[in-house]
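**Q** I'd like to ask you about the structure that follows.
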Amino acid sequence: MEHRKLIGNWNQVSSNFIKMKDFLNLKKKGLPTSFNHQHFYGTWSFFDDLSNRQHRLQITDKLEIMIDSKILPGKFLSINEHSLNFLDSYGYHLRINLVNGVPSEVYDEADDRSYPLKKFDI
């Protein structure tokens, strides 16, 4: 009887492990391995004419997004040869679009606005 209970528990653990493995594989599919994510790495500036402020957007090699030197908490939804899609901790999307392999604009759902990006010169 005890042996049968152990086998039942092992089958449950094994089943949960397989489900977790499949879930992680699906998550990986959102970030294609053939695409060079380095196109997004770097620092850009954009101007918000409503607040009359210049901002700095940085994407690190660890895929952290920083705005004005502050890390933006959230998670990446997808990244491909056209755009990087990010969901911030407030539930708003941030999309960075590539043109000819270079980040060219950032769309901020919170403001429902797009901002042209310029490479930031240090």
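**Q** By how many nm would the segment from A110 to N52 lengthen if fully extended, with 0.36 nm per residue of separation less the alpha-carbon distance?
**A** The span from A110 to N52 would gain 19.2 nm if fully extended.
**Q** What is the spin-label model distance, in nm, from D121 to L63 if the labels are put 7 Å beyond Cα along the C-beta direction?
**A** Between D121 and L63, the label points sit 3.2 nm apart.
**Q** What aspartates and glutamates could a cross-link reach from K75, if we take a straight Cα to Cα line under 12 Å and drop same-chain neighbours fewer than 8 places away?
**A** E64, D88
Laboratory data are not the source of any read-out in this text; all were calculated from the coordinates shown. Just so it is clear, the structure is predicted and the values come from calculations on it, not from any experiment. When we count neighbours, we look across all protein chains shown, and the Cβ atoms used for this are built from the backbone with ideal geometry, even at glycine.
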